[in-house]
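The block underneath contains the structure these notes are about, expressed in C-alpha cells.
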Amino acid sequence: MTKDSLDMKKIFGSVAVLSLSSLFVFFLIATKPEPKVYPPDKLIHKVKTESFKRGSYPATFTSTGKIRSSKHLDLHSSISGTIAAVSGTFIPGYLVSKGDLLITLADSFYANKVKQYEALYEQAKAAYDVEIGKQSIAKEGVAAVYEVTGSKPKNQALMMRVPQLQHAESELKKAKSELDIAKNDLASISIKSPFNAMVLDAYVHNSSVIDEKTLLGKLVGTDQYWVELSVPGNILPWLAPRNKKIDATVYPNHSNEIMAGYVLKTVMALDDTTRMGRLIIAIDDPLRSKEVELWRNTSAASEHPIVLMLNDFVKVKVDGRIIDDVVKLPINYLRPDNAVWLFVDGKLEIRSVKLVYKDIDSVYVKDGVNANDLVITSDIGIPVEGMHLESIVDKG
C-alpha cells in the first residue's frame, strides 16, 4: 500500500469520528428533558410586631447641665482696717457654717470711736433733759399770761421754747445715729459667714491692711446646688411644677450612684440664639455632709461618698407632669412624617399619628394608635402601603 493511500484512510477516519461525535451531541441536545416552570411565590416580608397599652405616663426629659451653687459671694469688709486674726477654717476647700467667724480686724480704732460717740450721746441726752425742764417753766409762763390777759400771746411758740426743743431733739437723734454707726463698725470687725458655705478662695492673712474694696475671698453655698438645663420651648410647660413637686434624678460622673433633685423653677424665656428655655434643677445637700462626716469618723475601708462637684457636667432625668390617655412608644418606632407602621390583616399600613409629647427616648401618641394595634418594631427596606407581611411577635 502506498503512502498516499494510508494518508487518505487516516483523513477519512478522522472525518467519520467527527461526524459521529457531532451526531451524538445533536442527539443529546434534541432529547434533553424540558425543566418544569413553576409560578413565583408571593413575596412576604417577616417583621417584628408589638402592642402597647394606652395609659398615663410622666413627660420625661433627659439632658446635660453644668453644676453651680445657688449662692455665690465675693467676700468684702464693710470697713477698713488691719486684719488681726484669720480663722483656721478660712482655707480653700473648708466647709463653714452660717455665723462662723472667718476674719477679725483690729478693734482699737473702732472701740475708741464707740466711746467717743457714747460721750457725745450722753451730752446730747443731758441737753435734751435740761430743755424738757425748761419746757415746764415756759408752759407755766404762758398759762400766767393767759390768766392775766385772757388771750394767748402772739409769740407763744417762742415763749414755749419750741425752737430750742426741736434743736435738742435733733442733736439727740444725730448723736444716737452716730453712736449706732460706731457700734455697727465695731461689730463689723468680726467677719462671719452669712450662710453654710465652702471656702472657694482666700486672699488675705494676718496683718493684711484692707478697705471696703479689698476682695477677701470667695464663698459658695453648700445647702443647695443647681443644674441649669436648656429645654425646647414646647416641652418646658410639661416640666413646670403645678400642685406637686416634680422629681429629677441626677447622675454624677464616674459613678453608678444617683442623687435626688427636683424642679425649682422653669424660666419661661427663650434664649436669643438657641431659642431654648431654661429649667433650674435643685439638689439639696449636694456635698452629702452627714455621709461624709460618718466616713471621716469611721475606720472602715470604704470609698469617699460621691458628691457633686461645682462646674461639672451631669446628666439629669426629669419626670414631668403626667400625660393621660396616650400610647407611649420608643422614639425609633416613629417613622418619617410622624407616621407609625402597623401590621393590619397581614399587610403594612402606614398611619399618621398625633403626638402630644416627644423626648429623647419616647413619643406620646394621642391619636392614631390603639391598645390592640400591632406596631411594627423592625425595619423594612422599602416600605410600601399594603405590602404583604408576616408577623413575628416581639416578646421583649
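Residue-wise test of (1) in contact with a helix residue (DSSP H, G or I) (Cβ under 9 Å, 6 or more places away or on another chain); (2) among the polar types (S, T, N, Q).
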{"position": "256", "(1), (2)": "no, yes"}
{"position": "261", "(1), (2)": "no, no"}
{"position": "266", "(1), (2)": "yes, yes"}
{"position": "292", "(1), (2)": "no, no"}
Worksheet entry | Close pairs (8 angstrom Cβ cut-off, 6 or more residues apart or separate chains): within 20 Å of residue 331 (Cβ to Cβ) in segment 343-357, of a type in the set (Gly, Ala, Ser) and assigned to a strand (DSSP E or B) anywhere | 343/391; 350/339; 351/339; 352/339; 353/339; 357/59
Worksheet item: Could you list, in sequence order, the residues of segment 80-102 that are surrounded by 18 or more Cβ atoms within 10 Å (Cβ to Cβ) and touching a residue at least 40 places away in the same chain (Cβ under 8 Å)?
Response: 81, 83, 86, 90, 96, 102
Item to complete: Name the strands (runs of 3 or more DSSP E) wholly inside segment 233-347 in which the number of residues that are within 18 Å of the chain's Cα centre (by Cα) and not assigned by TED's automatic domain parsing to the domain that holds residue 360 is 2 or more.
Response: 247-251, 259-267, 276-284, 313-330
Worksheet item: For residues in segment 274-297 being at pLDDT 90 or above and β-branched (Val, Ile, Thr), which is surrounded by the fewest Cβ atoms within 10 Å (Cβ to Cβ)?
Response: 280
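Please work out if residue 200 is surrounded by 15 or more Cβ atoms within 10 Å (Cβ to Cβ), under 30 Å from residue 103 (Cβ atoms) and either out of contact with any Phe, Trp or Tyr (no Cβ under 8 Å at 6 or more places or on another chain) or of a type in the set (Lys, Arg) (or both).
yes
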Discussion item. Six or more apart or on different chains, Cβ atoms under 9 Å: show the pairs whose first residue is in segment 198-220 and without any contact (Cβ under 8 Å) to a residue 60 or more places away in the chain and whose second is in a loop (DSSP other than H, G, I, E, B).
Written reply: 203/214; 203/215; 203/216
Discussion item. Quick check on this structure: which one of 247, 211, 271, 223 is within 30 Å of residue 119 (Cβ to Cβ) and either modelled with pLDDT under 95 or charged (D, E, K, R) (or both)?
Written reply: 211
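The values are calculated or read from the model by the stated rules, or taken from the named source; none is laboratory data. Just so we're clear, the structure is a prediction, and the values are computed from it rather than from any experiment. As a convention, Cβ positions derive from the backbone with ideal geometry for all residues, glycine included, and neighbour counts pool all protein chains shown.
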